Amino acid sequence: MVTLANLHKFVEKGHNVTVIGPSAYHYYSGMGPGMLGKIYTPDDIRFATKHVVEKQGGTFVLGKAVRVDPDEKTVFLKSGKTVSYDILSFNAGSYVPATNVKDDVKDIYFAKPIEKLIDARARILDLVSQKKIVISIIGGGPSSAEIAGNTWGLTRDFGKNMPEIRIFAGKKFMSRFPDNIRRKIIGSLKKRGVEILEQGYVKEIKTRHITLESGKSYNTDIIFLAIGVKPSPIFEESGLPTGQDGGLVVNKYLQSTEYQEIFGGGDCIYFKDQPLDKVGVYAVRENPVLYHNLMAAVEGTDLMPFDPGGDYLLIFNMGDGTGVLRKKWILFEGRLAFIIKDYIDRKFMKKFQSIE
Ligand SMILES: Cc1cc2nc3c(=O)[nH]c(=O)nc-3n(C[C@H](O)[C@H](O)[C@H](O)COP(=O)(O)OP(=O)(O)OC[C@H]3O[C@@H](n4cnc5c(N)ncnc54)[C@H](O)[C@@H]3O)c2cc1C
């Protein structure tokens with residue numbers, strides 16, 4: 001985002017900048033569940049990438065990068081098109097792997113890409129206006145919790161058609177988090193009737209049907225897959241050095257450990273010194289360093305090291321106007337927690353949308 005906002009500075013120095021993306025817009029995931037719950041409109045949470053790139057004199061290429069040849073310095077797109085480079089920045093984020101999903105499953109929505117949650121919202125509203133449905137969320141982490149809470153928020157006014165919402169959480173819901181956070185999130189969801197199943201993992205997903213490893217099966221109308229994310233597959237496809245999770249291995253300068261002209265940030269990298277959580281907080285902290293280092297690489301000046309910093313503020317949007325907030329030893333839930341998240345997220349979006 002910071003590099004995009006300063007793209008004109010590269011152009012003013014005589015460099016050609018090409019931005020490749022599968023959509024003319026970039027959707028901010030921190031507000032994705034809130035958009036699903038109708039707290040935000042799709043416009044509130046998106047950034048007009050193509051417009052901002054072209055306005056500053058860059059070139060926007062609509063497409064998906066699938067591979068890079070680092071020796072030929074060429075990026076290959078799904079469309080067959082190629083883009084050559086001197087300096088390359090990878091910001092392709094992460095995706096939800098379609099584990100155990102049979103081909104052609106209908107009415108299934110992944111936690112990412114965020115723009116697909118717009119379709120999920122429309123489909124749920126269409127179904128609940130006709131009948132009572134079951135919504136199943138597969139996954140036991142924060143995005144599962146936020147999606148469950150916000151589908152409740154989306155459908156709360158549908159009276160007798162209010163859906164049954166069920167989380168398939170594997171063996172333990174929110175297992176990565178301390179008990180005090182787990183208790184607050186579970187309490188918030190359970191008091192609204194969300195069912196949390198912790199009897200084991202899902203083995204198979206078919207249209208309107210979920211089967212657990214135990215053989216027990218459940219009917220459903222809508223499925224959300226929120227089983228965690230993996231870095232973009234581009235690096236493995238390209239034979240670039242990757243970390244255990246498949247992310248591009250980068251040094252303290254956010255630079256590939258093997259190719260000094262390749263940089264990256266966010267969910268798609270594997271920070272060699274200290275593997276980082278896949279949270280936007282790190283993508284945001286990396287932003288100014290990545291911008292500085294891309295500029296330094298094209299101008300031949302000094303690179304700046306990235307310091308991941310300490311503990312970060314966590315706020316979950318529970319979908320009913322409340323949040324759960326944790327920072328170090330501070331932990332509370334309620335309206336204030338959501339108001340703080342809403343303030344931070346809107347401020348972040350406004351800062352970058354103002355460039356439009
Ligand atoms: C539902 C949900 C809620 C979340 N809420 C929070 C939160 O509240 N706070 C927080 O800190 N973190 C949150 N996260 C985590 C956060 O989303 C990520 O850590 C953050 O988005 C990473 O930023 P990024 O720029 O690396 O990737 P992304 O935000 O995923 O952006 C990647 C971009 O690259 C594009 N792209 C993908 N593949 C290609 C390709 N092959 N070629 C070209 N372009 C491509 C995508 O279209 C997208 O625009 C949430 C995640 C999810 C799934």
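No lab work stands behind these numbers, since they all come straight from the coordinates. If you're wondering where the values come from, they're calculated on a predicted model, not measured in any experiment. Note that each Cβ is placed from the backbone with ideal geometry, even for glycine, and that neighbours are counted across all protein chains shown.
Details
- Under the combined filter of DSSP loop state and at most 15 neighbouring Cβ atoms within 10 Å, region 148-221 retains these GluC sites (Glu not before Pro): GLU198, GLU213.
- With coordinates expressed along the principal axes, the C-alpha atoms belonging to region 53-153 extend over 55, 35, 26 Å, beginning with the largest.
- Cα-Cα separations in region 170-292 greater than 16 Å, expressed as whole percent: 71
- Between region 290-356 and region 136-156, the alpha-carbon center distance in angstrom: 22
- Where GluC sites (Glu not before Pro) fall in DSSP loop in region 1-102, at most 11 other Cβ within 10 Å: GLU72
- Members of LYS13/LYS50; LYS171/LYS203; LYS112/LYS278 lying beyond 19 Å, as alpha-carbon distances in this model show: LYS13/LYS50
- Computed over the alpha carbons of the chain, Rg followed by Dmax gives 21.0, 65 Å.
- With only the Cα atoms considered, region 108-227 has a convex hull volume of 96 Å³ per residue.
- About its Cα centre, the chain has a charge dipole of approximately 1580 debye under the convention of +1 per Lys or Arg Cβ and -1 per Asp or Glu Cβ, with nothing else charged.
- Folded to 0 to 90 degrees: helix 335-353 orientation relative to the chain principal axis, Cα: 30
- Inter-part distance, region 78-131 to region 219-271, computed on C-alpha centroids, equals 17 Å.
- Relative contact order for the chain: 18 percent, from Cα pairs under 8 Å spaced at least 6 residues apart, divided by residue count.
- Antiparallel %, DSSP beta bridges [both residues in the chain], to 5: 55
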